[in-house]
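We did not get these values from a lab; they are worked out from the coordinates using the rules stated. These figures come from a predicted structure and were not determined experimentally. Don't worry about glycine lacking a Cβ; one is built from the backbone with ideal geometry, like all the others, and counts go over all protein chains shown.
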Amino acid sequence: MDELNAVAKANGLVVIEDAAQSPGIRYKGRYTGTIGDMGVFSLNCHKIIQTGEGGVIVTDSDEFAGRLRLIRNHAEAVVATGMAVSSLVNMVGWNYRMNEVEAAVGKVQLRKLNSLLVRRRQLVDRFLNGVKGLSGLRPPSIREGCEHSFYRLMLQIDPDIIGFDAPVLVEILNKEGMDFYAGYLPINLFPMYQQQIAFGDRGCPFRCPWYEGKPDYSMDALPVVQRMRKVSFTTEVITHCIAETDIDEMIAAFHKVWARLDEVRDYAKQ
Ligand SMILES: Cc1ncc(COP(=O)(O)O)c(C=O)c1O
């Protein structure tokens, strides 16, 4: 964030933080979402706190706050007149209004935020203690000055030590009743980028005459992504609803697989 803010400042840019998963989480003592010019939080049903769907955007700029209120409500010129807004340049609005029932749920959730984060950390600590010492399994490292909300617990393996890649490990762990996930589909493989179509059927914006970029959306251009797909995976979503016994089952599944790594290596070779 320090570097992004510096680049933005030097170039007159606005920083909008995507803090969807990190309400109540600090970076160098400051809450995420308050470090840039604006910060957005998701309240979708599987976030740290939630209202079913929806979200919140925060800013300490009166100007941005006014524009956001308009964008939330179709950028209605009638409202803008009432708000004494003189310029509607770049103002295209939608219906992003949150209703009172959702807001009421959100206010109660907000009061619980801290205890929910503490609970997640306790569960993650229990899990990481339980799998400590399994060779080739790397827990996440949290950089100095950062906190982690542990929406999902990303783990890495060293394929050279365990002898197979993360997707095989996930397949085997899931046979033990886990619901883990072996990496997301990289964005560059989405049809929009592979077929270079987004708006209409004439390749906008990729083949737009004003667009001068020549991006390479092949996997060859992304060696780090290729490596991450081999070494990283995530647990199921960590929520405060998970019980200690669920975490203990996860730990037991890891130990069971690690006790039979030779068999998994043979399976992976087939
Ligand atoms: C980092 C991040 N940003 C944005 C979103 C999207 O949030 P929403 O579904 O509320 O638009 C998510 C959802 O998972 C997310 O993890």
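Miscellaneous remarks
- For the stretch 23-118, the square roots of the Cα gyration tensor eigenvalues, ordered a ≥ b ≥ c, give a/c of at least 1.5 with a/b no greater than b/c, which places it in the oblate category.
- Value of [θ]222 nm, deg cm²/dmol, for the chain, DSSP H segments ≥ 4, -39500 (n - 2.57) each, nearest 500: -12500 deg cm²/dmol
- Shape call, the stretch 153-192: gyration tensor on alpha carbons, a/c limit 1.5: oblate
- Packing here is the average count of other Cβ atoms within 10 Å per residue, and on that basis the peptides 250-258, 124-132, highest first, run 250-258, 124-132.
- Residues with amide H under 5 Å from that of Gly55, placed H, sequence gap 5 or more: Leu43
- Prolate/oblate/rounded label for the stretch 91-222 (Cα gyration tensor, a/c 1.5): oblate
- Largest GNM mean-square fluctuation among Val89, Val101, Val40, using the chain with Cα springs under 10 Å: Val89.
- Rounded to whole Hz, the Karplus (6.51, -1.76, 1.60) HN-Hα couplings of the stretch 54-63, x for glycine and proline: x, x, 9, 10, 10, 7, 9, 9, 4, 5
- Descending Cα extents along the principal axes, the chain, whole Å: 71, 50, 34
- Projected-area average for the stretch 179-270 over all orientations - Cα convex hull basis, square nanometres: 10.1 nm²
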